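Only one structure is covered here, and it is reproduced in the block below.
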Number of protein chains: 2
Amino acid sequence: MEEEMKRVYLDHIAATPLHPLVLEAMLPYLKDNFGNPQSLHSIGQEASIAVEEARESVAQLIHANPEEIYLTSSGSESNNFALKGLAIAQRDRGTHIVVSAIEHQSVLHSVKNLEKYGFTHSLVPVDKWGMVNPDEVRKAITQETILVSIMLANSEVGTVEPIREIAEICRSHEVFFHTDAVAAVGNIPVDVSELGVDALSLAGNQFYGPKGSAALFLKKGTRILPFIDGGIQEGGRRAGTEDVAGIVGLGIAAKIAEREMGSRAGKIEPLRDKLIELLPQKVEHVILTGHPEKRLPYHASFCVEFIEGEAMLLNLDMQGIAVSSGSACTSKALKASHVLLAMDIDHALAQGSLVFSLIDETTSEDIDYFLEVFPPIIERLRKMSPLYTKYLEEKDK
Amino acid sequence: MEEEMKRVYLDHIAATPLHPLVLEAMLPYLKDNFGNPQSLHSIGQEASIAVEEARESVAQLIHANPEEIYLTSSGSESNNFALKGLAIAQRDRGTHIVVSAIEHQSVLHSVKNLEKYGFTHSLVPVDKWGMVNPDEVRKAITQETILVSIMLANSEVGTVEPIREIAEICRSHEVFFHTDAVAAVGNIPVDVSELGVDALSLAGNQFYGPKGSAALFLKKGTRILPFIDGGIQEGGRRAGTEDVAGIVGLGIAAKIAEREMGSRAGKIEPLRDKLIELLPQKVEHVILTGHPEKRLPYHASFCVEFIEGEAMLLNLDMQGIAVSSGSACTSKALKASHVLLAMDIDHALAQGSLVFSLIDETTSEDIDYFLEVFPPIIERLRKMSPLYTKYLEEKDK
């Protein structure tokens, strides 16, 4: 009889599983309630009510008003919408944008492509923990600056940024402030008015909601260019037939997150801390990346010296353990992470990146299993590593 | 005991219900197979394989290559992607675009907003049946023209356009040709190479697939600007974590449509013909809109004189019958349809628009039920109509 392999999923930042109640809430909209929310008849109106209820739950999760929530299909879309939409709509006021060096590619590539429309941008550096210094943002703002975008938390190294301070600087300079909060919302408390942000991106698949359902918060009265032109959906700013089931799922996921975020973190964080404590004891030459305290509760990331992330990842996968080596959006590109390089981690070490991101279902046994399986993998991989051989030779000298 | 109201859904153009096999195929990706297709581990790779299989099925449905299919979140997104992406990428070749007067708002508003970037456009007229004359397209093309976009079939009046002839004209003028085939694909045979189009939009919710899952076909080698900047998804042209379950649903819906399109049409078309034949016999002053023969098999549309579409629609809804008065994307705007106005239907008559679009489940009894319920509704509404009173007075003179 073949024994089934143990499965341990530690890749929250790539995707979370659907909460069972989320799927349950979605099902009616994948069956009988298939109406188009823009239709005037009953079956359409039922769908419309469901969409507006979901919008309300999303708004509540971040302490916004429902009319400030624009439903989109991904965090990347929300970031594109915010960056391009805000920049082009405010072009008469200036053409300079400030972002950090560790933003997600959807922010970095958006500002890069805005160059076509006459915009320039500055990259704010981060310290060795991936932390943005608000003073650096202040220094980067010029007379031409109209928009600043700094992420709330980085998914590759877990660091939570000082968003409130940065937002205050932007406000005092009369510059719009957007934050990519995809890794944060639903996992740690986020209050848009307390933070003082003008725009914020979030995504359901980071808090046990469906893929394909995300949102952009946009403070009431903020001028933005529509992202998808067409029908009157989302106030004419994001046309297209609504993915009703996905939106309903996002809404329920938001509701559950609001209620359970604290207890989830309370359960996950000690397991994460155990990993951070024990991994460097079990394996030599392992360095924690990101801020030691100011980090997402589900997040532990490391660089393992002398080995490439991909090799570790594939060997762990053979043992049933799913982790990542950085952002899923670029993982197949197999390049050293721009986030780690910006933190002044050298190129060779950055290749050894390993990101553990725990989910609600993670148990203490999962962590034990990983800690048992991992050291022999590393031993084997290091034996084959020319870098490690070289290190040993030099050490012996 | 309360008797349950009969429910008749005749609003295919707003949304189709999910085919049961589509939902069945989606469910594993809403449960255990929740991986991110960009992850390198097994659970991610399972999702990746599912996405690529779906891409293949979509390609097969329109006789394209899988690498020519870009997955999007709606027909409107596909149209925006095509229009804006092609125009801006080809700007060095010219700045003029040709579209028809009866395009979907996502095409019309896209070309309107391209004016900001220095583009102009011409609107090609249609005849009284909503038919585009290919010669009019030829006349509209100038030295500056880089792109033509004419829909394959119009969802409000059902007319199927002479796309092959138009594509040939575009080819001979070396102008890109896009067609919005959202109302057509999955319902009538569509072959991109036979038609000779460079780009084509389609949407799953028009052929019993999920909302939120759509695609853009783009002929290999065609230069286009990315629509969502970020990760490497969709060849870097449309970033964002894939809605795996929705994409799987789209793929299965495409597979089923390819197999069953003919038999579906064979079943629906006679019911549609029955409606077209009997409605004008049951109710006076009813005019068929759109082409009498060259129209979508599931589609019957009319203008009912002296009454507003909304009133008919709400009264029918009270009897459990769901129909529409035009495109769902603008229905809540309650304006006379630009499609009907372009067909030279006068403004008052255009207000009486009624669109019947049949689905796979539609039965002959459904049509009978409608034909029984509708005449007394019309009688009642006309009694309250000042326009009808005026008509009777003038007739009696």
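The values are calculated or read from the model by the stated rules, or taken from the named source; none is laboratory data. This one's a predicted model, so the numbers in the text were calculated from it and none came from an experiment. Cβ placement follows ideal geometry from the backbone for every residue including glycine, while neighbour counts extend to all protein chains displayed. Calculation scope for accessible area: heavy atoms of the full protein, side chains included, ligands and nucleic acids excluded. Shrake-Rupley method; radii C 1.70, N 1.55, O 1.52, S 1.80 Å.
What angle, in degrees between 0 and 90 and rounded to the nearest 10, separates the Cα long axis of helix B:42-61 from the longest principal axis of the Cα atoms of chain B? Computed tilt is about 50 degrees.
Solvent-accessible area of residue B:84, all protein chains in place: 40 Å² (probe radius 1.4 Å, heavy atoms, ligands and nucleic acids excluded). When +1 charges are put on Lys and Arg Cβ atoms and -1 charges on Asp and Glu Cβ atoms, the dipole computed for the protein assembly as shown relative to its Cα centre reaches about 1680 debye. Its alpha carbons give the protein assembly as shown an Rg and a Dmax of 27.9, 117 Å.
Relative to the other copies, what are the label-point distances for residue B:7, with labels 7 Å from Cα along the C-beta vector, expressed in nm at one decimal and sorted shortest first? Output for residue B:7: 3.3 nm, nearest copy listed first.
Kindly state, as a whole number, the per residue volume in cubic angstrom of the convex hull around the alpha carbon atoms of the stretch B:1-138. Numbers along the way, then the final one.
Working: hull volume 30.4 nm³, N = 138.
So the per-residue Cα hull volume is 221 Å³.
Peptide packing: for B:186-192, A:46-52, B:68-74, B:138-144, the average count of neighbouring Cβ atoms within 10 Å per residue gives the ranking B:68-74, B:186-192, A:46-52, B:138-144, highest mean first.
Within the full protein context, the accessible area of residue B:392 is estimated at about 60 Å² for a probe radius of 1.4 Å.
Centroid-to-centroid, using Cα positions, the stretch A:222-267 and the stretch A:91-124 are 25 Å apart.
Normalising by the residue count of the stretch B:20-257, find the relative contact order in percent from Cα pairs under 8 Å and 6+ residues apart. If you can, show how the numbers build up before the last one.
Working: 493 pairs, mean separation 66.0, N = 238.
Taking the mean separation of contacting Cα pairs over the length of the stretch B:20-257, I get 28 percent.
For residue A:194, the point set 7 Å out from Cα toward Cβ sits 6.2 nm from its twins in the other copies, listed from shortest up. Accessible area of residue A:173 (1.4 Å probe, protein heavy atoms only, ligands and nucleic acids ignored): about 80 Å².
Answer with one residue from A:101, A:62, A:169: the one whose Cα lies farthest towards the positive end of the charge dipole of the stretch A:20-257, charges on Cβ with Lys, Arg +1 and Asp, Glu -1. Of the listed residues, the answer is A:101.
Computed from Cα atoms, the angle from the helix A:386-396 axis to the main principal axis of chain A rounds to 50 degrees. Among the residues of B:207-214, the average count of other protein chain beta-carbon atoms within 10 Å of the residue beta-carbon is 5.
Sum up the charges of everything whose Cβ sits under 13 Å from the Cβ of residue B:369, counting Lys and Arg as +1 and Asp and Glu as -1, but leave residue B:369 out. Once positives and negatives cancel, what remains is 0.
Between copies, the label points of residue A:310, set 7 Å from Cα on the Cα→Cβ line, lie 5.9 nm apart, reported in increasing order to one decimal in nanometres. Note on A:68-78: average number of Cβ atoms from other chains within 10 Å of each residue's Cβ is 5. The slack between residue B:364 and residue B:391, meaning 0.36 nm per residue of separation minus the straight C-alpha distance, is 6.3 nm. Averaged over the residues of B:111-120, the number of partner chain Cβ atoms lying within 10 Å of the residue Cβ comes to 1.
Going toward the positive end of the dipole of the stretch A:162-238, with +1 on Lys and Arg Cβ and -1 on Asp and Glu Cβ, which of A:216, A:193, A:181 do you reach last? Value computed over the given set: A:216.
In straight-distance terms, cross-link reach from residue A:274 covers every one of the aspartates and glutamates whose alpha-carbon lies under 13 Å from its own, apart from those fewer than eight places away in the same chain; here that gives A:365, A:366, A:368. For the stretch A:130-157, backbone nitrogen atoms closer than 16 Å to the point 7 Å from residue A:287 Cα along Cα-to-C-beta are found at A:130-131, A:157. With a 1.4 Å probe rolled over the protein heavy atoms of all chains, the accessible area of A:274, B:6, A:294 falls in the order A:294, B:6, A:274, largest first.
Listed by chain and number, the aspartates and glutamates whose alpha-carbon sits under 17 Å from that of residue A:335, ignoring those within fewer than 8 places in the same chain, are A:103, A:156, A:305, A:308, A:310, A:344, A:346. For chain B, the longest principal axis of the C-alpha atoms and the axis of helix B:309-318 are separated by about 90°.
DSSP beta bridges confined to the protein assembly as shown are antiparallel in about 50 percent of cases. Please figure out what share of the DSSP beta bridges in the stretch B:20-257 is antiparallel and state it in percent, rounded to the nearest 5. In the stretch B:20-257, DSSP labels about 40 percent of beta bridges as antiparallel. Placing +1 on the Cβ of every Lys and Arg and -1 on the Cβ of every Asp and Glu, with nothing else charged, gives chain A a dipole about its Cα centre of roughly 860 debye.
Among residues of chain B, the one whose Cβ lies closest to the rotation axis carrying chain B onto chain A, together with that distance rounded to whole Å, is B:73, 2. For a straight C-alpha distance cut-off of 20 angstrom, the lysines reachable from residue B:211 (same-chain residues fewer than eight places away being disregarded) are A:31, A:211, B:31, B:255, B:332. Label positions at residue B:274 and residue B:21, each projected 7 Å from the Cα along the C-beta direction, are separated by 2.6 nm. Counting only Cβ charges, +1 for Lys and Arg and -1 for Asp and Glu, the dipole size of the stretch A:119-161 around its Cα centre is about 60 debye.
Diffusion coefficient of chain A by Stokes-Einstein, Kirkwood radius over Cα pairs, 37 °C, 0.692 mPa s: 149 µm²/s. Counting only DSSP beta bridges with both residues in chain B, what percent are antiparallel, rounded to the nearest 5? So the antiparallel bridges in chain B amount to around 50 percent.
Of the residues B:128, B:116, ranked by 1.4 Å probe accessible area with the largest first, the sequence reads B:128, B:116. With all protein chains in place and ligands, DNA and RNA left out, the 1.4 Å accessible area ranks B:182, B:58 as B:182, B:58, largest first. Annotation: Cα Rg of the stretch B:20-257 relative to the compact-globule expectation 2.2 N^0.38 Å equals 1.01. Computed over the alpha-carbon pairs of the stretch B:165-240, the distance histogram in 5 Å steps reads 3, 14, 21, 21, 19, 15, 6, 1 percent, short to long.
If R₀ is 35 angstrom, what is the calculated FRET efficiency for the pair residue B:164 and residue A:52, using the beta carbon separation as r and rounding to 0.05?
After rounding, the FRET efficiency stands at 0.20.
For chain A, calculate the relative contact order in percent as a whole number, restricting contacts to Cα pairs under 8 Å that are 6 or more residues apart. Relative contact order here is 22 percent.
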